[in-house]
1. Is it the case that L167 is out of contact with any Phe, Trp or Tyr (no Cβ under 9 Å at 6 or more places or on another chain) and surrounded by 19 or more Cβ atoms within 10 Å (Cβ to Cβ)?
2. Quick one: is D18 within 30 Å of E163 (Cα to Cα), modelled with pLDDT under 90 and loosely packed, with under 14 Cβ neighbours inside 10 Å?
3. Tell me, yes or no, whether segment 142-156 has at least one residue that is hydrophobic (A, V, I, L, M, F, W, C), surrounded by fewer than 18 Cβ atoms within 10 Å (Cβ to Cβ) and at pLDDT below 95.
4. Among the numbered criteria (1) surrounded by 10 or more Cβ atoms within 10 Å (Cβ to Cβ); (2) at pLDDT below 70, which single criterion is violated by D59?
5. Which residue pairs have Cβ atoms closer than 7 Å, lie 6 or more positions apart in sequence or on different chains, and pair a first residue in segment 168-187 that is under 9 Å from F71 (Cβ atoms) with a second residue that is among the charged types (D, E, K, R) and at pLDDT 95 or above?
6. Quick one: is L84 in contact with a helix residue (DSSP H, G or I) (Cβ under 9 Å, 6 or more places away or on another chain) and surrounded by 12 or more Cβ atoms within 10 Å (Cβ to Cβ)?
7. Select from segment 160-190 the residues that are modelled with pLDDT under 95 and assigned to a loop (DSSP other than H, G, I, E, B) and write down the one among them that is farthest from V107 (Cα to Cα).
8. Within segment 141-158, which residues are part of a loop (DSSP other than H, G, I, E, B) and aromatic (F, W, Y)?
Amino acid sequence: MKYLLPFLLLLVISFSADAQCKLIALDQVDEFDSTRVVASKPFNIGVLVPSGNVAEGLDGQETVEEGKAIFSFGNEHNIRSFFLTLAVVERKFYMIEPDYNVYLKMVDGPVIKLLNVPEDGEFDRKVLMWKYVHTCVVPLEYFFMLRDGLVEKIRIEYNDFKETIVLDEKQQKTLQASVKCVEERLNSGPVVKP
């Protein structure tokens, strides 16, 4: 009996360590204003696309990831929100304004619109393509849809162009796992005082 208790304690400790999510890249509280940011690691979305560069040997083009995504939570001045940040590459420069211009098509059917606060496109000379960052606010209702469901496609509507990114099954599950990991970290982390 005296050996059973230490064994069970060791088992519980090792189970707790394994249960912690490995998709979290950042969990930080600012010491000055108590702002907290929790963010997942970036993960790939879409497919490999040919870049503007011709590969060495002229036997084909180099490829780059179509996009990357990060799911996060932030709070500042009593405003707490979830965010989905998308970094995507485009062949041309497109104009885009802050608006509800990012759509998520769920596997089970619904389409949800997210408020997007984009950054201006930046030309990347290494791949000869334009890079855009779209930071989308995820309301609580949509947070639960992302946690409990899978995203099949992401549509970004520029002023005169529409881009659709199709997520494969692994990417769908990674996005869902990132949402769950951020929630898990928030539930287990310190309480932030405003």
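The values are calculated or read from the model by the stated rules, or taken from the named source; none is laboratory data. This is a predicted model, so every value here is computed, not measured. Cβ atoms come from the backbone with ideal geometry, glycine included; neighbour counts cover every protein chain shown.
1. Yes: the conditions hold for L167.
2. Values: within 30 Å of E163 (Cα to Cα): no; modelled with pLDDT under 90: yes; loosely packed, with under 14 Cβ neighbours inside 10 Å: yes.
For D18, the condition - within 30 Å of E163 (Cα to Cα), modelled with pLDDT under 90 and loosely packed, with under 14 Cβ neighbours inside 10 Å - is not met.
3. no
4. (1)
5. What qualifies is V179/R147.
6. Working: in contact with a helix residue (DSSP H, G or I) (Cβ under 9 Å, 6 or more places away or on another chain): yes; surrounded by 12 or more Cβ atoms within 10 Å (Cβ to Cβ): yes.
Spelling it out, L84 is indeed in contact with a helix residue (DSSP H, G or I) (Cβ under 9 Å, 6 or more places away or on another chain) and surrounded by 12 or more Cβ atoms within 10 Å (Cβ to Cβ).
7. P190
8. The answer is Y158, and nothing else.
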